[in-house]
Amino acid sequence: MGPKRRLSLLPPKVLSLENWDEITQSILQCTACELARNCSQKVPGAGNRQADLMIIGEGPGHDEDIQGEPFVGRSGQLLDKMLTAIGIEREQVFITNIVKCRPPNNRDPKQQEAQQCRTFLDAQIRQVKPRVILSVGRVSAQSLLDSKKPVGKLIEQMHQLPGTDIPLKVTYHPAYLLRTPSAKAIAWQDLKLLHHLLNR
Ligand code: SF4
């Protein structure tokens with residue numbers, strides 16, 4: 001790992017965040033939390049900005065940090081396969097994360113970091129106006145639902161993104177599925193429900 005960059009930690013610039021340029025520029029310039037110190041680059045999100053389906057993971061990992069895209073590498077490939085299984089291509093969805101900078105050594109984002117970055121996520125959700133949100137993995141689900149319940153519990157029922165009427169489905173993170181193939185059966189049920197929600 002290279003030397004830490006010296007950055008002053010500043011609150012996010014108070015911009016209206018009412019269009020994609022403002023959102024992306026604000027993320028790229030943001031030094032609001034310490035995650036900005038160690039990441040290689042920001043990973044704002046990618047995909048169809050008018051998608052019916054928005055996928056929200058926890059934060060960039062090693063590959064995402066290098067490539068500047070969310071869900072690349074083996075996890076990304078599995079996510080692509082999962083989507084393809086229900087007739088969805090990656091280009092059709094918008095994919096982003098709770099935090100836009102890679103947490104060091106892939107640790108969980110701290111609550112304060114997730115809260116700082118939530119400004120950007122909320123702005124992205126307002127722009128995309130998804131019909132359904134797929135929350136991928138424990139950190140994403142607990143953060144979005146403001147819950148401490150285990151992901152295995154949160155998966156069991158449908159939710160709405162708090163403060164909105166957007167249906168929110170929780171599923172396991174592809175990295176977890178790669179380590180725990182037995183969980184794929186549950187993820188498949190989640191995908192079938194997602195397919196139903198998007199096609200009703
Ligand atoms: Fe800013 Fe989010 Fe990166 Fe923290 S994680 S520095 S809030 S863009």
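Some values worked out for this structure:
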item: Most to least accessible of Met82, Met54, Met158 (protein chains only, probe 1.4 Å); result: Met158, Met82, Met54
item: Cβ-based net charge around Pro167, under 14 Å, with every Lys or Arg adding one and every Asp or Glu removing one; result: +1
item: The chain - accessible surface per residue (Å², probe 1.4 Å); result: 52
item: Unmatched cysteines, the chain - criterion: no other Cβ of a Cys under 4.7 angstrom; result: Cys30, Cys33, Cys117
item: Most to least accessible of Arg37, Arg179 (protein chains only, probe 1.4 Å); result: Arg179, Arg37
item: Per-pair calculated FRET efficiency, R0 = 25 Å: Ser16 and Asp146 via Cβ, rounded to 0.05; result: 0.50
item: Shape call, the stretch 102-200: gyration tensor on alpha carbons, a/c limit 1.5; result: oblate
item: Glu58 accessible area, 1.4 Å probe, all protein chains in place, Å² to nearest 10; result: 50
item: Environment charge of Pro150, counting only residues whose C-beta is closer than 11 Å and scoring Lys/Arg +1, Asp/Glu -1; result: +3
item: Accessible surface of Glu156 - all protein chains present, 1.4 Å probe, nearest 10 Å²; result: 130
item: As computed over the chain, the Cα convex hull volume per residue (Å³); result: 113
item: Filter on Lys42/Lys192; Lys42/Lys153; Lys100/Lys192; Lys148/Lys169 - keep pairs with C-alpha separation over 25 Å; result: Lys42/Lys192; Lys42/Lys153; Lys100/Lys192
item: Estimated [θ] at 222 nm from DSSP helical runs (n ≥ 4, -39500 (n - 2.57)) normalised by residues in the chain, nearest 500; result: -12000 deg cm²/dmol
item: Gln112-Lys192 pseudo-label distance in nm [points 7 Å out on the Cα-to-Cβ vector]; result: 4.5
item: Net charge, Leu193 excluded, C-beta distance under 13 Å - Lys, Arg +1, Asp, Glu -1; result: +1
item: Antiparallel %, DSSP beta bridges [both residues in the chain], to 5; result: 25
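The values are calculated or read from the model by the stated rules, or taken from the named source; none is laboratory data. On a predicted model such as this, the values are computed, not experimentally measured, just so you know. No Cβ is skipped: glycine too gets one built from the backbone with ideal geometry, and neighbour counts run over all protein chains shown. Accessible surface areas use protein heavy atoms only, side chains included; no ligands, DNA or RNA. Shrake-Rupley method; radii C 1.70, N 1.55, O 1.52, S 1.80 Å.
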